[in-house]
Amino acid sequence: MIPLLRQLAGRAPHYWLLSLLTIATAGAGHPAAGAARVSAQDIRAASVRALDWIEHHRATPDDGGLADMIDEAVSLRVFRDLAPTVAESGRFARLLDAQLARLNTLSEFQRWAQRPHKPLIEHYHLVLAAYLMESAGLRTPLAPIIMRQAQQALGAATLEPPTVRLTTAVFLSQLAGGPTVDVESMLANSLIGQLGRNRRLIALPGANATAQQQRNVTWLLYALVHEVVALTDFGRLAPSSWFDERRDAVAEILLAALPWASAQHNWDLTAELVVTLYFLGQPPDAGVQAAVEDLVANQQPDGSWGASATTSRPNKVRHTVLTATAALMAWRAEHPMRDPVR
């Protein structure tokens, strides 16, 4: 089957994503001695390879499932916002619209939305998908049932993880045009809310930490990232007064976690941290620069970062490529005209 992204592009059938960024990769070889480990050209070339991987590994109901398809839509929205030119942003926007239209017509999506009993995390994905459609001007006829079921699930899901409850509620409020559940109490019980009372809630493991301790911290960091993503709408919203009071504490934890995630070779988490710091408006420092360089240095020849050990998704590769591409594009948005300097 011809990849959908090629069909939508209306361009030559090979490597159209390479031209989407309009990047000249000539001369993007190894940096000279004494320079940064990777150059701006290296970072651009890495993003080209990653986009090429995305083109050739489309998520489908049979490859990654609907959750991966929603992740691709999220990524296209982020790519649209990070694109360096209006023309490129417009191309990503058209791809996003087509991806959402495709998702909206899938029988698998319709059955999923209408199924009466689902875990809260599935309601989260459905609410997010419906919100993306609504914000793109595509009102899905499934929105009322998605909202009603999610509201009911939130009312009954008192024992679900606070992050899943908060992120579902936030996007449900965005979709409904106003709060439909008690978001304030969920903020108080969220990870960010708890950090306001206990800054040591996320303590990076030491050299003698067990594998379980490392996993626990990894999942706490992912939870923190997802709360920031929801509260800023993927960097599109300025922090609320409640969040702004806690922003510096969150950024401090994310910055401290960058070298730890890189040392773990957890490239998905490393990329998530870089992108989330960008969403927070955190100026890139040497730690962010080093993390981006690590991402480039550890990209595989096919444009991916290999299988992730942390994802529970059937496809162990895709999510890291999506997040790492966003991280590289976020760095480029901060450095539009110059090579990295350390």
Inset, instruction - Determine whether residue 250 is within 25 Å of residue 42 (Cα to Cα) and outside any loop (DSSP other than H, G, I, E, B). - result: no
Inset, instruction - Mind listing just one residue for me: the one in the stretch 120-144 that is without any contact (Cβ under 8 Å) to a residue 12 or more places away in the chain and under 18 Å from residue 155 (Cα atoms) and, of those, nearest to the chain's Cα centre (by Cα)? - result: 122
Legend entry - Any hit, the stretch 185-202, residues being closer than 26 Å to residue 133 by Cα, in a helix (DSSP H, G or I) and not hydrophobic (A, V, I, L, M, F, W, C): no
Inset, instruction - Kindly check whether there is at least one residue in the stretch 157-170 that is in contact with a His (Cβ under 6 Å, 6 or more places away or on another chain), within 26 Å of residue 97 (Cα to Cα), assigned to a helix (DSSP H, G or I) and small (Gly, Ala, Ser). - result: no
Inset, instruction - Among the numbered conditions (1) free of Cβ contacts under 8 Å to residues at least 60 places away in the same chain; (2) surrounded by fewer than 18 Cβ atoms within 10 Å (Cβ to Cβ), tell me where residue 262 comes up short. - result: (2)
Inset, instruction - May I ask you to list the residues in the stretch 298-313 that are of a type outside the set (Ser, Thr, Tyr) and either at pLDDT below 95 or within 21 Å of residue 276 (Cα to Cα) (or both)? - result: 298, 299, 305, 306, 307, 309, 313
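Residue-wise test of (1) under 16 Å from the mean Cα position of the chain (by Cα); (2) closer than 23 Å to residue 281 by Cα; (3) surrounded by 15 or more Cβ atoms within 10 Å (Cβ to Cβ); (4) at pLDDT 95 or above.
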{"site": "208", "(1), (2), (3), (4)": "no, no, no, no"}
{"site": "212", "(1), (2), (3), (4)": "no, no, no, no"}
{"site": "223", "(1), (2), (3), (4)": "yes, yes, yes, yes"}
{"site": "226", "(1), (2), (3), (4)": "yes, yes, yes, yes"}
{"site": "229", "(1), (2), (3), (4)": "yes, yes, yes, yes"}
{"site": "232", "(1), (2), (3), (4)": "yes, yes, yes, yes"}
{"site": "238", "(1), (2), (3), (4)": "no, yes, no, no"}
{"site": "243", "(1), (2), (3), (4)": "no, yes, yes, yes"}
{"site": "248", "(1), (2), (3), (4)": "no, yes, no, no"}
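The values are calculated or read from the model by the stated rules, or taken from the named source; none is laboratory data. If you're wondering where the values come from, they're calculated on a predicted model, not measured in any experiment. Cβ atoms come from the backbone with ideal geometry, glycine included; neighbour counts cover every protein chain shown.
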